[in-house]
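As structure tokens, the structure follows; a few thoughts come after it.
The values are calculated or read from the model by the stated rules, or taken from the named source; none is laboratory data. This is a predicted model, so every value here is computed, not measured. Cβ atoms come from the backbone with ideal geometry, glycine included; neighbour counts cover every protein chain shown.
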Amino acid sequence: MVVSLNDTLRDRRSEILAKWFEDTLATYPSSAQRIFTSTAREFANPVGETIKSGLEAVFDGLVAGDDSERLGEAIDLIIRMRSVQNFTAAEAVGFVFSLKSAVRASLSGEGNTNGLQTEITQFERRIDELALQAFDLYMACREQVYQIRANETQARSAKLFQRAQQIIEQHATGQKITFDFNTPEDEGGDRQ
Amino acid sequence: MAESKPKPEILAKVDYQPPGDDWMELPVEIRPGTFNYAANPANAKYLDLPHVRKWQPTDDDWQLPENWQEIILEGLHDRLKKYRSLKVFMDICVRCGACADKCHFFLGSGDPKNMPVLRAELLRSVYRRDFTTAGKILGKLAGARPLTPEIIKEWFLYFYQCTECRRCSVFCPYGIDTAEITMMGRELLNSIGLGIDWITTPAANCFRTGNHLGIQPHGFKDSIDFAVEELEEITGIKVDAPINKKGAEILFVSPSADYFASPHYYTLLGYLALFHEIGLDYTWSAYASEGGNFGLFHSADMMKRLNAKIYAEAKRLGVKWILGGECGHMWRVLHQYMDTMNGPADFLDQPVSPITGTRFDHASSTKMVHICEFTADLIANGKLKLDKRRNDNVNVTFHDSCNPARAMGLFDEPRYCIEHACNHFNEMPENTIKEQTFCCGSGSGIGTDENFEMRMRGGFPRANAVKYVHDKHGVNMLACICAIDKATLPPLMEFWVPEVDVCGIHELIGNAMIMKGEKRTTDLRGEPLPGMEESDADESGEVKEVSEDV
């Protein structure tokens with residue numbers, strides 16, 4: 001009887017996911033891994049829970065043949081999180097490739113996997129595509145960080161900017177200006 | 001809450017071994033996005049701070065003063081003598097691990113030095129080496145290490161990666177308050193000229209003009225007048241907003257961001273509308289024009305220096321008592337320090353609401369009442385007409401700001417206000433609210449632009465809980481009562497849960513409140529007010545079909 005790769009992956013789901021989770025957590029300091037593995041209370045361990053549920057969704061999506069949009073949604077939160085943690089770009093998205101070794105490790109005990117080679121190659125190609133997509137998401141997150149920083153700077157003095165604009169307009173139309181716009185004294189100065 | 005005696009199962013976990021791991025060997029990494037810029041020398045000089053110089057954390061040489069070790073060790077010695085709590089905190093930790101996974105920075109980053117136990121150990125290891133016999137003899141084996149420039153760099157990074165939120169202290173069986181250890185660490189750093197700009201510059205501005213942005217009295221008046229005009233445009237009602245009015249019954253103090261930042265500003269409009277509607281005899285002060293006190297994040301002396309203006313202004317203006325706005329750490333300073341630092345305020349009266357007659361007994365000594373307590377009391381006594389439907393466009397959850405929650409136990413009043421102003425309110429999970437609330441990740445003076453990535457990490461546990469109620473209940477508004485929250489939760493939400501906006505409680509009250517003679521079709525942000533679109537108000541401004549929640 002011929003068993004498809006997808007059936008095998010479904011059968012081995014928990015084993016493969018456990019290995020992938022372990023390899024992904026290994027990118028964090030050792031003392032953190034112990035805590036991120038704990039599932040004591042859902043909101044007490046957001047990093048561990050995000051990785052765990054995200055990897056499950058991505059794995060199921062890959063096996064089910066989901067399109068890139070759905071896979072992107074599944075992986076978004078993990079990438080978002082890792083884009084602001086202590087990782088380089090390569091480290092942040094590198095965990096995607098660990099799925100290959102998790103799958104290979106799971107199949108290695110299975111004896112002859114020759115019949116599945118084509119499917120394995122195709123599956124691994126999908127993982128490669130997902131890694132590229134993850135990198136795009138990573139870049140989008142980084143760009144978003146800079147955009148939010150710019151927005152935040154403006155919001156912090158929003159009403160003062162608005163008032164300053166009003167004064168400029170009053171000046172332009174020749175109206176009497178009723179307010180000396182305040183700037184910090186020279187010796188005080190603004191932030192560097 | 002922390003219990004008075006440790007339970008046997010906690011004691012059974014006590015680890016008598018010297019710290020395992022190699023945390024002492026981990027190198028210090030000054031990574032962009034995760035540290036704060038050094039203090040602007042001009043502002044440090046303005047505050048007469050010691051060892052002022054131009055430097056940045058990215059420099060190899062931080063130009064420490066020649067006798068820096070002596071200054072630090074003497075400073076530690078003095079503080080151990082002055083604060084018994086510090087001495088106890090240095091000696092009593094048994095490394096039970098209860099705090100390890102409670103810090104939002106650790107939970108968001110996985111960096112072991114963000115475990116509260118290790119953050120304290122940064123200071124404790126130096127204490128052991130120079131102040132305990134075991135440490136002097138056994139050195140590293142007893143968890144001790146000599147003071148080196150690398151350790152100073154480590155202190156600078158990690159004492160400015162703690163928001164002094166005190167969540168860890170809730171779980172410590174011995175009640176060790178890591179925030180106080182961080183405060184001591186920062187005091188020592190400041191004693192050798194290692195302050196950060198986001199604290200030093202607002203403190204200098206505050207010392208000079210009374211508020212963080214350095215707005216002078218005429219600028220302050222213009223800002224308040226501007227808000228009065230905007231409120232008139234929205235409601236059709238011209239309110240009175242007295243400034244420096246001698247003999248007013250109440251002095252109102254709020255964070256300065258309320259009158260220049262967004263979304264704080266809409267809360268300011270809410271206060272102005274509320275005070276008008278109840279006919280409160282109150283005054284603003286152009287000098288006590290800041291509830292916040294960045295001295296708390298610098299040193300005890302600086303905190304006292306900046307806080308003094310509130311009582312000084314209350315005395316000068318001859319008010320009876322003080323009402324405080326939606327500010328976070330102002331309430332920690334008030335509840336834990338102000339009374340003994342600059343009080344007792346014997347010259348003020350016992351606070352009594354002039355509208356309801358309620359005596360605020362808990363404020364007998366400080367003479368200062370939180371606006372949520374004041375407003376909840378108004379609602380409970382039927383003094384406000386609130387139409388909840390006007391907030392039907394928002395589905396609210398409440399973020400307990402760390403200081404009002406953990407430093408003053410203000411849990412019920414904000415919720416009471418929200419529930420009487422909104423039809424849709426959903427709580428976040430139990431272990432993320434009230435005394436277990438997760439910090440915004442940007443408090444205690446580290447909500448800076450340059451530290452943005454660290455803030456996104458530290459805010460992740462909070463955002464994760466918001467995301468949960470957004471996904472489950474459709475929550476789209478995060479209410480809070482702290483100016484730092486209002487500044488830093490919007491970018492946090494934009495990154496993690498972009499569908500959720502941020503507001504203050506008095507913005508919700510201001511939207512729901514039916515004002516006498518009002519003519520309004522929009523909320524305080526100028527957006528359509530549910531149930532009050534053009535057709536609901538006739539020419540005379542009379543309101544049709546409103547239910548009154550009184």
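Here is how the numbers come out for the structure above:
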| item | result |
| --- | --- |
| Matching residues, segment B:425-443, being more than 9 Å from every other protein chain (Cβ to nearest Cβ), within 17 Å of the chain's Cα centre (by Cα) and either part of a loop (DSSP other than H, G, I, E, B) or under 19 Å from A:Ser83 (Cβ atoms) (or both) | B:Ile433, B:Thr437, B:Cys439, B:Cys440, B:Gly441, B:Ser442, B:Gly443 |
| Qualifying positions in segment B:305-322 - under 17 Å from the mean Cα position of the chain (by Cα) and farther than 18 Å from B:Pro217 by Cβ | B:Asn307 |
| Residue match in segment B:206-215 (condition: crowded, with 21+ Cβ neighbours inside 10 Å, within 11 Å of chain A (Cβ to nearest Cβ) and of a type in the set (Ser, Thr, Tyr)) | yes |
| B:Leu47 being more than 14 Å from chain A (Cβ to nearest Cβ), more than 25 Å from B:Glu453 (Cα to Cα) and aliphatic (A, V, I, L, M) | no |
| Residue among B:Asp449, B:Asp377 that alone is more than 15 Å from the chain's Cα centre (by Cα), of a type in the set (D, E, K, R) and modelled with pLDDT under 95 | B:Asp449 |
| Segment A:8-54 - residue that is touching a Leu at 6+ places or on another chain (Cβ under 7 Å) and aromatic (Phe, Trp, Tyr) and, of those, surrounded by the most Cβ atoms within 10 Å (Cβ to Cβ) | A:Trp20 |
| Members of segment B:191-201 found to be more than 9 Å from chain A (Cβ to nearest Cβ), buried (at least 24 other Cβ atoms within 10 Å of the Cβ) and not aliphatic (A, V, I, L, M), listed by number | B:Gly195, B:Thr200 |
| Qualifying residues in segment B:31-69 (those that are among the aliphatic types (A, V, I, L, M) and within 14 Å of B:Lys153 (Cα to Cα)) - the one surrounded by the fewest Cβ atoms within 10 Å (Cβ to Cβ) | B:Leu64 |
| Only one of A:Thr118, A:Thr88 that is loosely packed, with under 15 Cβ neighbours inside 10 Å and farther than 23 Å from A:Asp67 by Cα | A:Thr88 |
| Among the candidates B:Arg455, B:Arg406, residue that is modelled with pLDDT of 95 or more, within 11 Å of another protein chain (Cβ to nearest Cβ) and either crowded, with 21+ Cβ neighbours inside 10 Å or not in a helix (DSSP H, G or I) (or both) | B:Arg455 |
| Segment B:257-271 residues that are within 12 Å of B:Ala483 (Cβ to Cβ), paired with ones that are among the β-branched types (Val, Ile, Thr) and assigned to a helix (DSSP H, G or I) (beta carbon under 7 Å, 6 or more apart) | B:Asp258/B:Thr267; B:Tyr259/B:Ile224 |
| Members of segment B:319-377 found to be without any contact (Cβ under 8 Å) to a residue 60 or more places away in the chain, basic (Lys, Arg) and crowded, with 17+ Cβ neighbours inside 10 Å, listed by number | B:Lys367 |
| Condition met for B:Glu413 (assigned to a helix (DSSP H, G or I) and outside the structural domain of B:His298 (by TED's automatic domain parsing)) | yes |
| Leading residue by the ranking (nearest to B:His212 (Cα to Cα)) among those in segment B:255-279 that are in contact with a helix residue (DSSP H, G or I) (Cβ under 7 Å, 6 or more places away or on another chain) and in a loop (DSSP other than H, G, I, E, B) | B:Pro255 |
| Number of the exception - B:Arg167 against (1) touching a residue at least 60 places away in the same chain (Cβ under 8 Å); (2) within 21 Å of B:Leu47 (Cα to Cα); (3) within 14 Å of chain A (Cβ to nearest Cβ) | (2) |
| Every pair of residues 6+ apart whose Cβ atoms lie under 7 Å, when the first sits in segment B:460-482 and is farther than 12 Å from B:Val497 by Cα while the second is among the charged types (D, E, K, R) | B:Cys480/B:Lys486; B:Ile481/B:Glu326; B:Cys482/B:Glu326 |
| Any hit, segment A:23-46, residues being in contact with a Ser or Thr (Cβ under 9 Å, 6 or more places away or on another chain) and more than 13 Å from chain B (Cβ to nearest Cβ) | yes |
| Test: residue in segment B:376-384 that is of a type in the set (S, T, N, Q), within 25 Å of B:Arg520 (Cβ to Cβ) and part of a loop (DSSP other than H, G, I, E, B) | yes |
| Residue satisfying condition, being under 29 Å from B:Tyr337 (Cα atoms) and within 14 Å of another protein chain (Cβ to nearest Cβ), within set B:Tyr265, B:Tyr271, B:Tyr287 | B:Tyr265 |
| Residues located in segment B:313-336, provided they are farther than 13 Å from B:Glu290 by Cβ and in a helix (DSSP H, G or I) | B:Ala314, B:Lys315, B:Arg316, B:Leu317, B:Trp331, B:Arg332, B:Leu334, B:His335, B:Gln336 |
| The lone exception for B:Ile446 - which of (1) within 8 Å of chain A (Cβ to nearest Cβ); (2) β-branched (Val, Ile, Thr); (3) under 25 Å from B:Gly291 (Cα atoms) it fails | (1) |
| Qualifying residues in segment A:166-182 (those that are facing chain B (nearest Cβ under 10 Å) and touching a helix residue (DSSP H, G or I) at 6+ places or on another chain (Cβ under 9 Å)) - the one modelled with the highest pLDDT | A:Gln166 |
| Unique match (being touching a Gly at 6+ places or on another chain (Cβ under 9 Å) and not charged (D, E, K, R)) among B:Gln69, B:Gln63 | B:Gln63 |
| Hey, B:Ala98 surrounded by fewer than 23 Cβ atoms within 10 Å (Cβ to Cβ) and either in a loop (DSSP other than H, G, I, E, B) or in contact with a strand residue (DSSP E or B) (Cβ under 6 Å, 6 or more places away or on another chain) (or both) or not | yes |
| Enumerated helices (runs of 4 or more DSSP H) restricted to segment A:48-165, each holding at least 3 residues that are within 13 Å of chain B (Cβ to nearest Cβ) and at pLDDT below 95 | A:117-156 |
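A quick yes/no check of all residues on (1) assigned to a helix (DSSP H, G or I); (2) surrounded by fewer than 16 Cβ atoms within 10 Å (Cβ to Cβ); (3) not assigned by TED's automatic domain parsing to the domain that holds B:Asn451:
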| position | (1), (2), (3) |
| --- | --- |
| B:Leu118 | yes, no, yes |
| B:Glu121 | yes, no, yes |
| B:Val126 | yes, no, yes |
| B:Arg129 | yes, no, yes |
| B:Lys136 | yes, yes, yes |
| B:Ala144 | no, no, yes |
| B:Ile151 | yes, no, yes |
| B:Trp155 | yes, no, yes |
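Matching residues to (1) within 11 Å of chain A (Cβ to nearest Cβ); (2) on the phi > 0 side of the Ramachandran plot; (3) among the basic types (Lys, Arg); (4) out of contact with any Pro (no Cβ under 6 Å at 6 or more places or on another chain):
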{"site": "B:Tyr174", "(1), (2), (3), (4)": "no, no, no, yes"}
{"site": "B:Asp177", "(1), (2), (3), (4)": "no, no, no, yes"}
{"site": "B:Ala227", "(1), (2), (3), (4)": "yes, no, no, yes"}
{"site": "B:Asp240", "(1), (2), (3), (4)": "no, no, no, yes"}
{"site": "B:Lys246", "(1), (2), (3), (4)": "no, no, yes, yes"}
{"site": "B:Ser254", "(1), (2), (3), (4)": "no, no, no, yes"}
